[in-house]
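Have a look at this one before I ask anything.
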Amino acid sequence: RRFTHYLQTNLVSYSPAWNDVIRGMFKNSLGTSMDYPNVHRKLFKGGAKAYTELWTRRLRQAKAAGIKVGVIAVLHQASLEAGPEKFYRYFTEELGLDDFQVNTPFPGGPAGQLEGGFRLDSDELAKFLGGLFDVWMERGRDSGVVLGPFDALIDHFTGQAARRLPCIWKENCSNQFISVDSKGSVAQCDCWVTSYPEYFFGNIFREPDLTRMLKTSWARRDFVERPKRLVEDEDCLSCRYLSVCHGGCPVRTYSERGTIMAKDPYCEVYKVVFARAESYAREILRRLANRRRVHGTNVP
C-alpha cells in the first residue's frame, strides 16, 4: 500500500524554516485548528487571547509563504451563542480563509464522563449548523469558499464526484486508517490512541507483525462488526441517510455512552444537516436542468 503523509499542527512553533519540509513532504499544505471564539486553546503563559494572537500571526506567515492552510473549528457553547453569521465572518473575513471545516465536539478521557460544555444541546447545534449552511450557500459556495462538511454533502446529493466526506461518516473507519503513537501504541485513530487505552489494538514494539495484530485484536473486531450491529440493534436501517452517515462516529458514541455499539449521539443533528444539503442539492439540480433546456445539453 502507498502511504500519504499529512501535517496537522497548532502552528505555535511554525517558522519559515519549516517551509522546505512542508513543500517537500506534505505537498505544500498543512492543517491546523482554531475555534471561535477561542476560550479553550491557551498558551502556558498568556491564556487564550495570547494564543489566538500568536496563532493568527503564524497563520498569516504560512499563507504568505504560499502554503495551503486548512483549518478545523470545533464548535462549543460560545460558538452557538455567537451565531453562524459572526462565526462565518471570523474565518472568511478576519482570517481570510477559503478552506475550513466545522467539527462537533466530544471529550477525551474516561468513557461516559462528559466534561461540562462539550456535549451541546442537539436542537441548538442543529439550528446553528443549519444557519451556517445557509450563510455559506448565500455568499461562500459560488465564490470558492470550501466549508466542510457542507461542500462534500452538496457534491454527494448532486451526484458529483464527492469531495471526501469526514471520517465520522465513513462506511467503516476500520477499513480506512489506523493511528500509531510515539510509544508504539496502535489504535483506530488519534482520538482513540490519545484517550482510550482499553481500545488499543496492540503495540508495534511488542508485536512487530502489524497484519497479525490487526487480524487478532478484539478491539479492532468491534470496529469491523459495528455497522452490522447498528443495523440490527438501532433504527439505522429505516433511515434515509444511512448511506451517508453509516451510524456516525464510534468515538463520539463511546465518549458519551461507553460503547461503540450504538449510533452517534449527534444522530438527529446530522439528519437536519443532511436534509438541508438535500434541499439545496435539489435546487441546484433544478437550476441546472433549466439551463440545459434553454441553452442545450452541453451547458455544465
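For segment 264-271, state whether one or more residues are over 18 Å from the mean Cα position of the chain (by Cα) and at pLDDT 95 or above. Outline the logic, then answer.
Residues of segment 264-271 over 18 Å from the mean Cα position of the chain (by Cα): none.
Checked segment 264-271: no residue is over 18 Å from the mean Cα position of the chain (by Cα) and at pLDDT 95 or above.
Are any residues in segment 49-86 assigned to a strand (DSSP E or B) and among the hydrophobic types (A, V, I, L, M, F, W, C), and if so, which ones?
First pass over segment 49-86, keeping only residues assigned to a strand (DSSP E or B): 68-74.
Of everything in segment 49-86, those that are assigned to a strand (DSSP E or B) and among the hydrophobic types (A, V, I, L, M, F, W, C) turn out to be Val69, Val71, Ile72, Ala73, Val74.
State which residue is farthest from Ala65 (Cα to Cα) when the search covers only segment 17-39 and only residues that are of a type in the set (A, V, I, L, M, F, W, C) and in contact (Cβ under 8 Å) with a residue 12 or more places away in the chain. Break it down stepwise before answering.
Narrowing segment 17-39 to residues of a type in the set (A, V, I, L, M, F, W, C): 17-18, 21-22, 25-26, 30, 34, 39.
Adding the requirement that they be in contact (Cβ under 8 Å) with a residue 12 or more places away in the chain leaves 22, 25-26, 30, 34, 39.
Numbers: Ile22: 11, Met25: 16, Phe26: 14, Leu30: 12, Met34: 20, Val39: 28 Å.
Out of the qualifying residues, it is Val39.
Here are some residues: Leu54, Leu43, Leu59. Which one is in contact with a helix residue (DSSP H, G or I) (Cβ under 9 Å, 6 or more places away or on another chain) and within 23 Å of Phe91 (Cβ to Cβ)? First the steps, then the outcome.
Values: Leu54 fails: in contact with a helix residue (DSSP H, G or I) (Cβ under 9 Å, 6 or more places away or on another chain); Leu59 fails: in contact with a helix residue (DSSP H, G or I) (Cβ under 9 Å, 6 or more places away or on another chain).
Just a single option satisfies the conditions, and that option is Leu43.
Looking only at residues that are part of a helix (DSSP H, G or I) and not aliphatic (A, V, I, L, M) in segment 1-36, which one is farthest from Gln61 (Cα to Cα)? Outline the logic, then answer.
Keep residues of segment 1-36 that are part of a helix (DSSP H, G or I), which gives 16-25.
Among the residues that remain, those that are also not aliphatic (A, V, I, L, M) are: 16, 18-20, 23-24.
Values: Pro16: 8, Trp18: 11, Asn19: 10, Asp20: 14, Arg23: 15, Gly24: 18 Å.
Among those residues, the one meeting the criterion is Gly24.
Looking at segment 145-249, what helices (runs of 4 or more DSSP H) fall wholly within it and have at least 2 residues that are of a type in the set (D, E, K, R), within 30 Å of Leu95 (Cα to Cα) and touching a Lys or Arg at 6+ places or on another chain (Cβ under 9 Å)? Break it down into steps so the answer makes sense when it comes.
On the way: elements: 150-157, 190-195, 210-216, 218-233, 242-245.
Passing ranges, in order: 150-157.
In addition: Testing Leu230 on (1) within 21 Å of Ala126 (Cα to Cα); (2) modelled with pLDDT of 95 or more, one condition comes back false. Which one is that?
Every condition holds for Leu230 apart from (1).
Among the residues of segment 232-252, are any in contact (Cβ under 8 Å) with a residue 60 or more places away in the chain, closer than 22 Å to Asn103 by Cα and of a type in the set (S, T, N, Q)?
Checked segment 232-252: no residue is in contact (Cβ under 8 Å) with a residue 60 or more places away in the chain, closer than 22 Å to Asn103 by Cα and of a type in the set (S, T, N, Q).
Only one residue in Phe100, Phe91 is in a helix (DSSP H, G or I) and surrounded by 14 or more Cβ atoms within 10 Å (Cβ to Cβ), so which one is that?
Details: Phe100 fails: in a helix (DSSP H, G or I).
Phe91 is the lone residue from the list that is in a helix (DSSP H, G or I) and surrounded by 14 or more Cβ atoms within 10 Å (Cβ to Cβ).
Another question, if that's okay. Out of the residues in segment 190-238 meeting the condition of being aromatic (Phe, Trp, Tyr) and within 16 Å of Met261 (Cβ to Cβ), tell me which one is surrounded by the fewest Cβ atoms within 10 Å (Cβ to Cβ).
Trp218
Specify the residue that is farthest from Ala78 (Cα to Cα); the eligible residues are those in segment 28-57 that are surrounded by 14 or more Cβ atoms within 10 Å (Cβ to Cβ) and among the charged types (D, E, K, R).
Among those residues, the one meeting the criterion is Lys42.
The values are calculated or read from the model by the stated rules, or taken from the named source; none is laboratory data. Computed from a predicted model, the values in this text were never measured in an experiment. As a convention, Cβ positions derive from the backbone with ideal geometry for all residues, glycine included, and neighbour counts pool all protein chains shown.
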